[in-house]
1. Could you check residue 165 against (1) at positive phi; (2) at pLDDT below 65 and say which number it fails?
2. Which residue pairs have Cβ atoms closer than 6 Å, lie 6 or more positions apart in sequence or on different chains, and pair a first residue in region 38-64 that is in contact (Cβ under 8 Å) with a residue 40 or more places away in the chain and under 18 Å from residue 28 (Cα atoms) with a second residue that is surrounded by 14 or more Cβ atoms within 10 Å (Cβ to Cβ) and of a type in the set (D, E, K, R)?
3. Restrict the check to region 113-121 and report whether at least one residue is touching a residue at least 24 places away in the same chain (Cβ under 8 Å), over 14 Å from residue 154 (Cα atoms) and not in a loop (DSSP other than H, G, I, E, B).
4. Under 19 Å from residue 79 (Cα atoms) and surrounded by 16 or more Cβ atoms within 10 Å (Cβ to Cβ), is that true of residue 127?
5. Can you confirm whether region 129-151 contains a residue that is at pLDDT 95 or above, under 17 Å from the mean Cα position of the chain (by Cα) and not aliphatic (A, V, I, L, M)?
Amino acid sequence: MVPLKAALTAVESAYKIHILYEDAVVEGRHGFQLANVTNDLAGDLRYVIGDNSLTYAQVGASTYVITPREPAAEPALPAGGTIRGRVTDGRGEALAFANVILDGTTIGDAADQNGRYEIANVPPGTYTLRARLIGYKTMTAQITVSGDQAITQDFTLVTDILNMDAIVVTGTPGGSGMSKREASFAITTMEVAEIRQFSPSSTANLMELIPGVWSESSGGVAGANIDVRGLPGGGDAPFVTMSINGA
């Protein structure tokens with residue numbers, strides 16, 4: 001092979017024609033040397049140019065122009081469709097942030113504050129559209145998208161009540177004969193000497209020695225307020241009850 005510019009000059013000389021081109025078009029390219037004139041100018045030009053992504057056109061009786069070959073146009077992609085709709089609960093209330101996706105794809109959308117979603121540029125085909133939100137049963141719908149059509153698909157999700165076993169809390173009164181390690185509840189033991197040293201003014205005051213217990217007896221001996229681990233007791237907040245000797 002020879003520099004393309006030299007190969008084209010040989011064609012010009014053999015056929016007595018003019019070949020026009022920009023230097024940048026042929027610079028650095030190589031072509032085939034024309035060995036024999038076949039009197040087939042078109043065939044000889046194609047042979048000389050070779051695989052250089054170039055083409056030629058006749059612009060006069062004996063004048064030709066060499067230009068880059070235009071790349072083949074890519075096939076047009078089929079127009080995509082649009083799927084839109086609204087996701088609500090059984091009362092018609094919008095379900096914001098519900099996810100609506102096309103199964104087997106990464107195409108989808110999340111519902112806005114009004115429960116509306118829109119999925120654009122969906123390629124033609126048949127899909128399973130799935131709507132889901134935590135706390136609700138997932139729903140699906142079969143849809144077919146063709147061309148650039150717009151499809152409306154609404155969803156009404158039903159509350160999904162989680163089936164959980166009941167939690168039962170039991171306690172054992174008294175605790176007689178039970179060690180602290182065996183007990184399922186906290187046990188605090190106070191010796192007589194410890195009580196005497198503390199010198200409580202009331203039973204409520206004595207309970208301050210128990211970890212997690214806070215007592216306040218500004219209302220008198222019978223009107224103490226007692227909190228156990230932050231939970232208040234008393235008639236107005238009956239989270240904590242007390243009994244003495246089971247009463």
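1. Of (1) at positive phi; (2) at pLDDT below 65, only one is false for residue 165: (1).
2. 52/29
3. Within region 113-121, the subset touching a residue at least 24 places away in the same chain (Cβ under 8 Å) is 114-121.
With over 14 Å from residue 154 (Cα atoms) added as a condition, the list becomes 120-121.
With not in a loop (DSSP other than H, G, I, E, B) added as a condition, the list becomes 120-121.
Yes - at least one qualifying residue is present in region 113-121.
4. Working: under 19 Å from residue 79 (Cα atoms): yes; surrounded by 16 or more Cβ atoms within 10 Å (Cβ to Cβ): yes.
Criteria met by residue 127.
5. Yes, region 129-151 has at least one match.
The values are calculated or read from the model by the stated rules, or taken from the named source; none is laboratory data. These numbers come from a predicted model, not from an experiment. As a convention, Cβ positions derive from the backbone with ideal geometry for all residues, glycine included, and neighbour counts pool all protein chains shown.
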